[in-house]
Each structure stands twice: as C-alpha cells, then as structure tokens.
Amino acid sequence: GPIRALGAWHLTASLIWVSDYDTEYAMVGRDDDLRIGIQTSAITLGRFDVAAVMAFYGIFIAVWAAVGQHLGYGWPYAAGLVAATAIALWHYTLIRERTREGCFRAFRLNHWVGFVVFCGVAAQHTLHRAGSGRVGPGLGDACGQPSSRHVERHLSQGSRRGGTDRLAGACARRA
C-alpha cells in the first residue's frame, strides 16, 4: 500500500545518504586504504568521487522533495530541503580539493543535512497542528486529514458501517 511505498522511498533516500557520507569518510583515508588494499567507495569511484557525492546529495534531496510533494507538504518542508541543499553545496567546497581535513569535516558535519530535513518535517506538522500550515493528502488520504486522525476516525466509522473496506468510500464521499 501507500505506506509501504513511502517507506521504500525513505529507505532509498537513507541508503543514498549513507553512500554519501561513507564516501566522504572514505575520501579521508584513501591513501591509507590503497596502501593496505581495502576497496572503498572513494577508491572505486576514483576521480569521480566528488561528482558522485554531489549526485548522491542531489538524489537524496530529490527523493525527499518528491515524497513531500506527494504528501502535499508546503513551505516549512521546502525550507528544510533548501537548507539541506545549501549544506550539500557547502560540503562541495569542503571536498572538492580532496584534502583529508576538508573531507573529514564534511563527514563529521554531515548530520546537519538530516537534521534540517527533520526540522522541515517537524515544522510542517507543527504548523499544521496550529492551523497555519497544510499537510495535504498523503498515504492515500483523500480527505486531506493528517494520517493518525484520518485512520482513527475512519476505522471507527468503518467498524460501525460494516468494516474497513468502506474507508475509501467514506473518505471519497467527504472529499
């Protein structure tokens, strides 16, 4: 269902992000890894390591943007993604020369990318609860209600009306 699909997209974005910061870290010890014979992502990617890291960031942010659009998220969420993009561009300035110090700093501070995305999600939901933001249809929610309230309301209605198979119909009639 829709929750599985969104979960799969979030997992994909997370794995891409892991590839991103793993490559930044691998760029730190490239010389040592070559000397002892370890095959890391930085060695595998060779001279394309910086381009790959930036592509990973781009894909990570694009997947989160697509999920947010699907859920009908607004400006608070987009602000988090803009901040994540700014951090990714700053990381480019840190890793483009492939110095140990720059690459390690990018790796060490990579958590801020996830933090600002999280802040965008949290702000989106906080503003929605306060009534000034919009969490639009998501997870198959044709009523435009936040998922937890939507499910609670329609599960109780479904049980009174003869089962959960009527959830979609009840939701469509309200829309």
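The values are calculated or read from the model by the stated rules, or taken from the named source; none is laboratory data. Treat the numbers as computed from the prediction; the structure is a model and nothing was measured. Neighbour counts run over all protein chains shown; Cβ positions are idealised from the backbone, glycine included. The accessibility values were calculated without ligands, DNA or RNA, using every heavy atom of the protein model including side chains. Shrake-Rupley method; radii C 1.70, N 1.55, O 1.52, S 1.80 Å.
See the values below:
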{"quantity": "Compactness of the range 10-124, expressed as Rg and Dmax over alpha-carbon positions, Å", "calculated": "14.9, 50"}
{"quantity": "Cα centre as origin, Lys/Arg/Asp/Glu Cβ charges: the range 1-71 dipole, Debye", "calculated": "260 debye"}
{"quantity": "Rounded to whole Hz, the Karplus (6.51, -1.76, 1.60) HN-Hα couplings of the range 51-58, x for glycine and proline", "calculated": "4, 5, 4, 5, 5, 4, 4, x"}
{"quantity": "Inter-part distance where the range 95-110 and the range 16-46 are each reduced to a Cα centre, Å", "calculated": "12 Å"}
{"quantity": "Label zone at ALA122 (point 7 Å along Cα-to-Cβ), backbone N below 18 Å, the range 7-25", "calculated": "none"}
{"quantity": "Accessible surface of the range 1-125, 1.4 Å probe, proportion on carbon and sulfur as whole %", "calculated": "68 percent"}
{"quantity": "Label-point gap, in nm, between ARG96 and ILE36 - each point 7 angstrom along Cα→Cβ", "calculated": "3.2 nm"}
{"quantity": "Simple label model, 7 Å out from Cα along Cβ direction - PHE48 to LEU15, nm", "calculated": "1.9 nm"}
